[in-house]
Amino acid sequence: MQKLQEVDPEIAALILAEEVRQWSKLRLIPSENYASAAVMAATGSVLTNKYSEGYAGKRYYEGQQYIDAIESLCIERAKHLFGMAHANVQPYSGSVANLAVYMAVLQPGDTVMGMSLPHGGHLTHGWNVSATGKLYRSVQYGVSKDTELLDYDAIFDLAVKERPKMIIAGATAYPRVIDFAAFATIAKEIGAVLVADVAHISGLIVGGAHPSPAGLANIVCTTTHKTLRGPRGGMILCDEPWAKAVDKAVFPGLQGGPHDNTTAALAVALKEAGADSFRAYAHQIVANARTMAERLAEHGFRLVTGGTDNHLVLMDTTTVGAPGKPVAQALDRAGIVTNANTVPFDPRKPFDPSGVRLGTPAVTSRGMKEPEMRQIADWIAGAVQARNDETKLAKLADDVREFCDAFPPPGYPPGYSSGHPVPLI
Ligand SMILES: *Cc1c(COP(=O)(O)O)cnc(C)c1O
């Protein structure tokens with residue numbers, strides 16, 4: 001950091017400020033987390049200097065003595081942890097991993113079926129502005145209007161009618177368990193390839209806090225930086241028959257050289273995720289989300305599906321008098337960071353939706369438990385009420401900062417506090 005300060009004081013100051021922000025705010029965006037110091041050390045290592053197009057033992061450039069060992073170790077850990085036969089750990093992100101799976105399974109114009117974005121699906125599940133919705137014929141399923149739960153009968157009927165070649169099971173804003181067995185039955189009925197996109201819940205799966213798609217889905221893709229708490233990246237796991245096509249789609253189909261520093265950091269994160277303490281972490285994430293949901297409901301927020309089984313809560317804030325965007329902005333000023341989100345069948349526009357999405361992975365990484373979740377829910381209710389009162393919001397932000405000082409996140413050195421921020425690297 002001293003070198004960075006010398007060479008580029010502007011960027012150094014901004015990184016330091018972001019370190020303080022991540023320390024002193026309650027980060028409730030469900031896709032965010034805190035990577036460990038070990039993961040960040042590997043990310044910032046000399047591995048960023050290497051080129052290694054290809055796969056272990058079949059590289060285009062020389063000098064792969066250590067890179068091959070790192071990538072092989074990462075693959076072995078991924079296969080073991082997820083219980084799948086093959087792993088590709090090179091995708092630069094979750095979106096690229098998904099696109100690689102499309103390339104491995106489909107021809108342009110083929111039909112894919114995924115969850116619609118406004119119901120909780122991801123852009124890359126065939127939404128119309130995404131390459132996945134432009135290059136392929138996309139049909140979209142959603143949740144039931146009455147229950148806001150995935151309607152497996154309706155998904156079955158749609159699959160039989162449209163006969164997609166590939167079905168994607170997975171979501172980015174769905175607070176309940178995804179029934180991979182039900183999806184497998186549907187895929188089998190029409191001979192479709194089943195892909196589970198577990199980007200949000202992969203940490204819960206390896207920690208035993210959400211059922212695994214292993215043995216049910218042909219291909220599983222995930223990000224590595226959400227509940228899994230690794231570096232930013234993506235990963236694809238699959239059955240043996242898909243191994244070759246997946247590898248070819250990632251390289252040379254879509255990418256050039258893999259980010260070897262990220263691969264090493266992912267290997268570290270997978271080792272951490274295999275520890276007993278990670279199982280406890282995954283279960284605590286869910287217990288925390290349930291507790292926060294209950295308290296938010298007591299404060300009058302309408303929760304989509306009435307609650308949660310996983311790491312996230314989706315709430316309709318119009319029931320307490322304001323749509324999602326101004327609520328999320330007021331919460332941010334109070335030191336509580338969330339994102340505005342559509343709710344299923346939202347009558348409002350995507351950029352000005354009815355809801356707010358929040359989650360517990362990052363605060364659980366700080367060691368916060370049920371009592372802290374109740375406190376946070378009370379603060380959320382208070383901030384929403386005081387959303388036009390800047391003095392009250394600033395006072396709340398002070399209380400939040402003080403509270404956060406008692407829960408050091410992973411990755412920060414001993415002795416760090418909001419009053420005494422020291423550079424992390
Ligand atoms: C986050 C997410 C992705 C995309 O990951 P990026 O790393 O942001 O590209 C894909 N699918 C789902 C379900 C996600 O939640």
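Let me spell out the model: positive unit charges on the Cβ of Lys and Arg, negative unit charges on the Cβ of Asp and Glu, origin at the Cα centre of the chain. What dipole size does that give, in debye rounded to 20?
Its charge dipole is roughly 320 debye.
Entry for the chain at q = 0.06, 0.12 Å⁻¹: log10 I(q)/I(0) = -0.25, -1.02, Debye formula applied to identical alpha-carbon scatterers, no solvent contribution.
If you add up the charges near residue 412, with Lys and Arg at +1 and Asp and Glu at -1, over every other residue whose beta carbon is less than 14 angstrom from its beta carbon, what do you get?
Values: positive: 21, 25, 27, 366; negative: 18, 19, 405.
Within the 14 Å Cβ shell, the charges total +1.
Rounded, prolate or oblate: which one fits segment 286-405, using the alpha carbon gyration tensor with axes a ≥ b ≥ c (rounded when a/c is under 1.5, else prolate when a/b beats b/c, else oblate)? Before the final figure, lay out each step's value.
Details: a/c = 1.82, a/b = 1.13, b/c = 1.61.
In terms of gyration-tensor shape, oblate.
Considering only 255, 104, 297, and ranking their Cα positions along the charge dipole of the chain that arises from unit charges at the beta-carbon of Lys, Arg, Asp and Glu, the one farthest toward the positive end is 104.
Protection proxy ranking, highest mean first, for peptides 3-9, 111-117: 111-117, 3-9, where packing is the per-residue count of other beta-carbon atoms within 10 Å, averaged. Only the Cβ atoms of Lys and Arg (+1) and of Asp and Glu (-1) were treated as charged; on that basis the dipole of segment 40-273 about its Cα centre amounts to roughly 320 debye. Thinking of segment 40-273 as a set of Cα atoms, what percent of all their pairs are more than 32 Å apart? Across segment 40-273, Cα pairs with separations above 32 Å total 17 percent. Under the criterion of Cα pairs below 8 Å and six or more residues apart, the relative contact order for the chain equals 23 percent. Rounded to the nearest 20, the size of the Cβ-charge dipole of segment 210-336 about its Cα centre is 260 debye, with Lys and Arg at +1 and Asp and Glu at -1. Derived scalar couplings between HN and Hα for segment 273-286 equal 6, x, 7, 4, 4, 6, 4, 4, 4, 4, 5, 5, 4, 5 Hz in order, rounded to whole Hz, by the Karplus curve 6.51 cos²θ - 1.76 cosθ + 1.60 (θ = phi - 60°), x for Gly and Pro.
Taking every DSSP beta bridge that has both ends in the chain, the antiparallel portion is near 55%. Per residue, the average separation of C-alpha pairs within less than 8 Å and at least 6 apart gives segment 286-405 a relative contact order of 29 percent. Computed over neighbours whose Cβ is under 12 Å from that of residue 268, the net charge equals +2, Lys and Arg +1, Asp and Glu -1. Close amide H contacts of residue 169 (hydrogens built in the peptide plane, cut-off under 5 Å, sequence separation of 5 or more or a different chain): 195, 196, 197.
Mean residue ellipticity, 222 nm, helices only, the chain: the sum of -39500 (n - 2.57) across DSSP H runs of n ≥ 4, divided by residue count and rounded to 500, is -13000 deg cm²/dmol.
Protection proxy ranking of 278-287, 369-378, by the mean of other Cβ atoms within 10 Å over each peptide's residues and highest first, is 278-287, 369-378.
Per-residue packing, averaged as other Cβ atoms within 10 Å, sorts the ranges 10-21, 95-106 into the order 95-106, 10-21, beginning with the highest. Distance from the alpha carbon centroid of segment 92-169 to that of segment 222-277 works out to 22 angstrom. The residue among 324, 335, 288 whose Cα reaches farthest toward the positive pole of the charge dipole of segment 286-405, with charges on the beta-carbon of Lys, Arg, Asp and Glu, is 324.
Just so you know, all these numbers are worked out from the coordinates, no wet-lab data involved. Quick caveat, the model's predicted, so the values are computed rather than measured. Neighbour counts are summed over all protein chains in view; Cβ atoms, including those assigned to glycine, are modelled from backbone coordinates with ideal geometry.
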